[in-house]
Structure formats: structure tokens, C-alpha cells
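Q: My structure is below; once you've seen it, I'll send some questions.
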């Protein structure tokens with residue numbers, strides 16, 4: 001979609017410059033903010049990268065009447081002088097009400113505005129993921145999935161985290177939902193984005209300094225859950241945030257704490273085979289309880305050297321300590337004999353995460369020529385200390401075995417990227433850039449599962465990954481109603497895994513091209529259609545390449561695969577949009593070099609015992625699917641707003657591993673329904689819920705899953721205070737059920753967790769609560785259009 005720049009000069013009644021006036025461009029239909037800036041000392045302003053459409057311009061400053069003007073952006077628009085009139089009465093501060101919908105759509109980007117919901121307060125970042133339409137969390141592995149499929153790239157503030165699934169889950173648990181502004185789910189990203197993330201990109205946007213002047217936000221909350229069979233689990237959270245925006249600088253600082261107690265439980269049956277013969281059946285009933293205490297903080301600073309040059313930095317840190325105790329009672333049947341086994345596990349973990357960003361933005365002219373440069377450093381340090389006690393109950397005496405795992409891990413990433421935007425004409429725009437990243441993941445694993453004398457045996461795997469990328473995108477307005485965007489991204493990947501002695505255990509070098517295309521047609525005033533194509537990659541992580549055997553229970557270990565290849569995905573989509581609100585999308589996806597989790601039974605590694613070996617392998621065959629999704633937001637009455645999101649499709653799988661064959665044409669579907677009730681100007685309520693049918697991914701099939709939540713939100717003291725009360729899953733419906741099937745193992749399980757909770761959260765704003773404006777729009781924020789902008 002074509003974009004242009006809106007500019008002008010704000011003056012007062014004496015035709016003098018109205019310095020530092022707030023300039024907002026709002027959506028005409030609901031007054032939600034598209035983009036905003038602050039005029040400079042001379043009253044001049046420029047709002048770049050505004051998609052062609054009709055908007056409402058708002059200009060405000062203290063002591064003057066609000067100024068509104070309807071504008072149509074079809075090319076670069078210079079509004080000339082905008083004169084403000086004095087306010088007839090004393091006005092302490094000016095406020096424009098910007099109402100955000102909970103769920104918004106912009107092209108192929110779905111946006112969940114977290115603050116708009118009363119049921120999201122008090123959650124951690126991983127729990128918040130489950131409140132986003134179409135996103136589920138595999139509670140067995142804590143893997144994030146979109147519409148039942150893995151291969152999701154999670155970004156924080158437009159930046160890739162580079163973390164493994166386990167590292168990412170631990171980091172997200174340290175984030176507070178009240179510190180998150182919105183979550184974007186991008187299904188057809190442009191060439192500007194990293195090519196990884198075959199299913200979707202999830203971009204978590206944390207809150208930043210936006211208020212003109214200085215203000216403070218204090219938040220606190222408590223939570224409680226109780227289960228007859230598991231006990232009570234209290235929670236609490238606290239945080240304080242400071243925003244300061246004055247003249248040329250913006251400062252944001254935040255610190256928060258989150259404490260929670262929790263449980264999870266499972267019931268699973270594992271059938272072990274040799275050939276076609278069932279040789280052992282394990283029936284496991286497990287329960288774990290634990291507590292976690294995490295602290296997170298963020299400092300962000302931006303400074304405008306001139307109206308065209310700005311620099312800044314962001315430092316974000318998170319520390320967490322977690323304890324849990326797990327008990328598994330197993331009924332083990334083999335060769336006509338039955339024995340009982342009890343496995344106790346005590347874990348103590350601590351994690352340290354640091355994300356550091358420095359950025360520079362240079363605007364060269366008024367036509368939208370911009371250069372953005374970012375340098376990122378990501379540090380993750382973790383340590384796991386696990387103690388196991390395994391008791392086998394025999395007729396004459398009991399056998400007790402003690403084991404231990406100590407695993408310190410150190411992960412570091414450096415990334416440099418630059419993005420350049422140039423408008424050649426009012427209808428043709430070029431975007432180009434490069435990115436280079438270098439990651440090191442050193443895993444020190446010590447265990448004594450193979451040693452009867454209890455001495456720990458060390459395995460050290462140092463994995464290095466270097467990705468160099470460059471891209472270009474050309475956006476052309478072919479006519480007033482037709483827009484074309486083409487892009488191409490190239491990525492060179494180099495990986496190496498070595499042991500402590502420097503011996504290379506795995507190595508890969510490959511180059512891939514990733515074309516993207518988007519064609520958008522405005523058929524009528526209220527109807528538009530778009531076609532898109534993209535190619536994506538899903539790279540294995542360092543754990544997948546780690547060749548050492550790593551035990552995670554007395555009966556199961558993980559083994560890496562040094563020959564694992566990345567999967568490549570091609571997708572074609574068509575989207576119909578009606579009245580910029582209702583969207584209907586049809587996709588076709590085909591995956592090459594598909595890899596999946598597989599299970600084997602190893603009866604030779606430890607003589608006399610059968611172990612379950614878990615690994616990742618490329619599988620031969622066909623992996624493709626058709627999918628359909630629709631978003632239907634509407635108002636039943638002035639006070640009753642409804643958001644309906646529906647997705648469905650057909651998985652067409654035909655692949656195998658040895659004798660395990662997956663050959664299905666499988667229908668799947670899901671529904672997310674959210675209802676908001678505006679009871680009066682200060683009180684609203686929400687009911688939201690989801691259900692999905694479950695589906696097959698690799699050699700695992702999940703079953704139907706669903707839940708609903710209730711919440712109310714009350715504004716207090718002239719909207720400076722906000723009280724939110726929520727009940728999550730009051731009917732205690734949410735369960736994760738799955739079946740994993742390979743030729744040597746069939747595992748059936750049901751997993752549950754601390755999902756039924758009461759949460760009470762309170763937020764208070766004091767200081768200047770003036771109009772919110774964005775000081776530094778993201779280089780990926782395209783001003784409202786989704787195609788090519790995520």
C-alpha cells in the first residue's frame with residue numbers, strides 16, 4: 001500500500017510558533033491512533049509513512065482549544081499553517097480519548113491490544129500468549145504454536161530473540177502482561193523481516209515512553225487459585241513505571257516483580273514395542289508444585305539531535321529463580337510381571353536475560369527518505385540443578401537410586417542491521433537493508449545416570465551460528481486502486497558445533513533466497529482484495545544439533561542430530577477485506593525438508609533397561625495444507641462489541657519414518673469469541689473464550705481444547721486509577737491431550753495446570769497524563785497498512 005508524508009506548521013492566535021504541540025493522525029472510523037509526533041520548537045511537524053486513506057488530524061497543546069481536521073492522504077500532504085485558538089477556560093491539561101479495540105486487523109497482521117482487556121492483567125508473558133486468537137501453548141513442552149503448528153518466530157519490540165524454545169519460555173515467564181502494550185501476529189511478513197518463522201511471526205511490543213511531560217504508573221495485583229486435589233496457589237505482582245518526555249529527549253524506566261506458586265499434573269500411558277510386539281506398558285501419574293520469583297526492568301532513552309537525527313538505547317533485563325518438586329508414580333508391566341516405581345525430582349533453576357539495543361535514525365528529506373540502524377546484544381545465562389530419587393518397589397526389598405543433573409548454559413548474540421527507505425516518486429518507493437548476526441550457545445551438561453558410583457560425567461557442546469542477510473522491496477502504486485509490492489531477501493547461514501577440545505561435531509553452510517509478493521486491489525470504496533506469496537525457513541536450534549545423550553528422567557534421554565536440515569515453506573494467500581473491518585483469508589502452504597520430533601526405544605544403551613530416546617529428524621513425504629480464516633468485528637448495540645475469529649483447514653500429510661506412517665487428509669478448525677460490554681463511561685466487562693479441534697503435527701496429534709474467561713474493568717478518580725478483576729477458566733475446562741505415535745512407542749497423555757484463577761489488579765497514573773504520542777516509530781511500523789509492513 002502506498003505511503004506519503006503529512007507535514008505542516010502549528011501556530012497560535014498571534015501567528016507565532018506553537019512549540020511542541022501534539023499532532024495525532026487518527027483512524028476516521030474509531031479515533032484510534034495511527035501515528036503521532038510532537039512539533040518542533042518552530043511549530044513544524046512531519047508524519048512520515050502514512051498509508052493512503054482518509055484520517056482525522058488532531059492537534060493539541062496546553063491552553064488552546066483542540067483542533068480537528070479531516071484529511072485525505074493520496075500523496076505527500078502539506079497542510080500549511082494550522083492556527084490554534086486560546087482555550088476560554090483554564091485547562092490543566094489536554095486529553096484526546098484514543099479508544100483501542102482489543103483485536104484489530106491491518107492487512108495480514110492481527111493486533112491484540114493487551115491493555116484493552118480486563119482479563120490479561122497479572123499474567124506472565126507465556127500465559128498471555130494463550131489469550132491471543134489462534135495461539136496455543138503445548139503445556140508438555142511449552143512450545144508456542146499458531147493454529148496448532150510449530151515453527152513460530154517470537155520477536156520482542158521488532159527484534160528476534162534467538163532463544164531456544166526452553167530459553168524463550170523461561171524469558172516470557174519473567175515478563176508481566178501489564179508491561180506489554182500489544183501483540184502482533186504476522187502471517188505473511190515482507191522481505192524486511194527475518195526469513196525464519198514458517199508458521200507466523202509473533203511480535204511482542206512492550207510499553208515505551210510516550211507521554212509528553214512526566215508521569216508515573218504504579219501497578220499491583222494479587223491472584224489466587226484453589227483445587228481440592230492439589231491445594232492453594234497464591235500469586236502477586238508489583239511494578240512502577242516512569243515516562244519523561246521533554247524537548248528533545250524521551251526517557252522510559254520500569255521495574256516489576258512477579259511471584260507465583262503453581263502446579264501441573266499429568267496422566268499418561270506409554271506402550272513400548274519391539275517389532276510388532278508390545279513388551280512394556282508404563283502408566284504414569286504425575287504431579288508437580290513449584291514457585292517462581294522474577295524481576296524485570298527496562299530503561300529506554302531517545303534523543304533528537306535535530307529534527308532529522310535521533311539516537312537512543314534500550315536496556316531490558318530479567319532475573320528469575322524457580323523451584324519445583326515433581327512426583328511420578330508408575331505402574332510398570334512387562335513380560336507378565338508388574339512393578340511399582342516412584343520417581344521424585346527436585347529442581348532449582350535461575351535465569352538471567354539481558355537485551356540491549358542502540359539505534360540511530362536519520363531522515364534525509366521531507367519525501368520520506370529514512371535510514372534506521374540498530375545494534376543488539378542478547379545475553380542469556382541459566383543454571384539447572386536437578387536431583388532425582390527413583391524407588392522401585394519389589395516383593396522382598398526396595399531399590400533406591402539417586403541421580404543428579406547440573407547444567408549451566410551461556411548464550412550470546414550480537415546483531416547489526418540497517419534499513420533504508422527511499423521514495424523515488426510519489427508512487428514508487430524502495431526499501432533495502434542488511435543484517436548480520438552471530439550467536440554462541442555453550443551448554444555444559446553434567447549427569448550421573450550412567451555411573452553407579454554417582455560421579456558426574458560432563459558433556460560440553462558449543463554451538464555457533466552466523467547469519468548474514470540482505471533484502472530489497474519495491475512498492476509501486478500502479479493506479480489509484482492497485483498497488484504492487486515485490487521483495488527478495490537472501491540469507492547465508494553458517495553453523496558449527498564443537499566439544500570442549502575443539503573437535504567439530506556438526507557443521508552446515510547454506511544460502512537461500514526468499515521472494516515475497518503482495519498485490520492489493522481496491523475494488524470499491526468498501527471492498528479490497530489482496531494476493532500474497534512468501535517463502536520462509538525454519539532452522540533447527542542448537543539443542544537439535546547437540547550430539548551428546550542428555551537424560552531428563554531416569555527413563556528418557558534426548559539425542560541431537562548433526563545432519564538435520566532446515567525446513568522450507570512456500571505459501572500463497574488471498575485476502576478479501578470489507579469496510580476495512582471484515583477479512584476473509586485463504587492460504588495454501590507447502591513444506592519441504594519437514595522435520596519433526598521422533599521417539600525410539602533403546603534397549604542397549606543401558607543394559608537391562610528400556611529407555612525412550614527423543615530426537616529430531618527430517619521425514620520423507622508430503623506436508624501441505626489449505627487454511628481459511630476470518631475476522632468479524634461488529635457492534636450488536638452501542639454498548640455491546642463482539643470480535644469473532646474463525647480458522648479452519650485441511651492438512652494433507654503423507655510421510656513416514658521407518659514403519660510409522662502418517663497419511664491423512666485431516667480437517668481442523670478453531671473459534672475465538674470475545675465480547676465487550678460498556679456498562680457506563682467508567683465500567684466495562686468482557687467474556688472471551690476459544691475452542692479448537694486439535695490436529696496432527698509430525699507424529700503427534702493433539703485433541704480438542706478450549707476455555708473461557710470473565711473480567712471487569714473500572715476506571716477510578718477521573719481515569720487515573722484502573723481496577724481489573726478477572727476469573728480465568730472458571731469452569732476448569734482447559735486441558736492439553738495428545739497422542740504420540742512412532743513404530744516403537746505409542747504415548748497417550750492428558751496434561752493440566754493452574755488455569756482456574758482469580759486475579760485482581762490495580763493501576764494508578766499520576767503526573768502528566770497528556771496526549772500519548774510515539775517518539776520513535778518502529779522501522780517496521782508502516783502507519784497502518786499490513787502488506788509489506790508486517
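The values are calculated or read from the model by the stated rules, or taken from the named source; none is laboratory data. Bear in mind the structure is a predicted one, so any value in this text is a computation, not a measurement. Neighbour counts are summed over all protein chains in view; Cβ atoms, including those assigned to glycine, are modelled from backbone coordinates with ideal geometry.
Q: If you check 542, 534, 506, which single one turns out to be more than 17 Å from residue 563 (Cβ to Cβ) and either crowded, with 18+ Cβ neighbours inside 10 Å or touching a helix residue (DSSP H, G or I) at 6+ places or on another chain (Cβ under 8 Å) (or both)?
A: Result: 534 is the single residue among 542, 534, 506 that is more than 17 Å from residue 563 (Cβ to Cβ) and either crowded, with 18+ Cβ neighbours inside 10 Å or touching a helix residue (DSSP H, G or I) at 6+ places or on another chain (Cβ under 8 Å) (or both).
Q: Do we find that residue 497 is loosely packed, with under 14 Cβ neighbours inside 10 Å and either more than 30 Å from residue 430 (Cα to Cα) or modelled with pLDDT of 95 or more (or both) in this structure?
A: no
Q: Going by the structure shown, is residue 492 part of a strand (DSSP E or B) and at pLDDT below 95?
A: no
Q: Quick one: residue 331 ticks every box in (1) surrounded by fewer than 14 Cβ atoms within 10 Å (Cβ to Cβ); (2) part of a strand (DSSP E or B) except a single one, so which number is it?
A: (1)
Q: Please count how many residues of region 122-151 are touching a helix residue (DSSP H, G or I) at 6+ places or on another chain (Cβ under 6 Å) and not in a strand (DSSP E or B).
A: Result for region 122-151: 5.
Q: Being part of a strand (DSSP E or B), within 19 Å of residue 412 (Cα to Cα) and in contact with a strand residue (DSSP E or B) (Cβ under 8 Å, 6 or more places away or on another chain) narrows it down to one residue among 483, 520, 466; which is it? Can you show your working first?
A: Details: 483 fails: within 19 Å of residue 412 (Cα to Cα); 520 fails: within 19 Å of residue 412 (Cα to Cα).
Going through 483, 520, 466 in turn, just one is part of a strand (DSSP E or B), within 19 Å of residue 412 (Cα to Cα) and in contact with a strand residue (DSSP E or B) (Cβ under 8 Å, 6 or more places away or on another chain): 466.
Q: Would you pick out the residues in region 719-749 that are surrounded by fewer than 17 Cβ atoms within 10 Å (Cβ to Cβ) and at pLDDT below 90?
A: Within region 719-749, 719, 720 qualify.
Q: Taking only region 154-176 into account, find how many residues are within 12 Å of the chain's Cα centre (by Cα) and either farther than 21 Å from residue 542 by Cβ or not assigned by TED's automatic domain parsing to the domain that holds residue 203 (or both).
A: Number satisfying all stated conditions: 3.
Q: Which of the following residues is buried (at least 16 other Cβ atoms within 10 Å of the Cβ) and not in a loop (DSSP other than H, G, I, E, B): 401, 421?
A: Result of the check over 401, 421: 421.
Q: Residues being touching a residue at least 40 places away in the same chain (Cβ under 8 Å), out of contact with any strand residue (DSSP E or B) (no Cβ under 9 Å at 6 or more places or on another chain) and part of a strand (DSSP E or B): count how many of those fall in region 604-656.
A: 0
Q: Identify, from the list 157, 178, the residue that is closer than 25 Å to residue 302 by Cα, surrounded by fewer than 21 Cβ atoms within 10 Å (Cβ to Cβ) and modelled with pLDDT of 80 or more.
A: Going through 157, 178 in turn, the sole match is 157.
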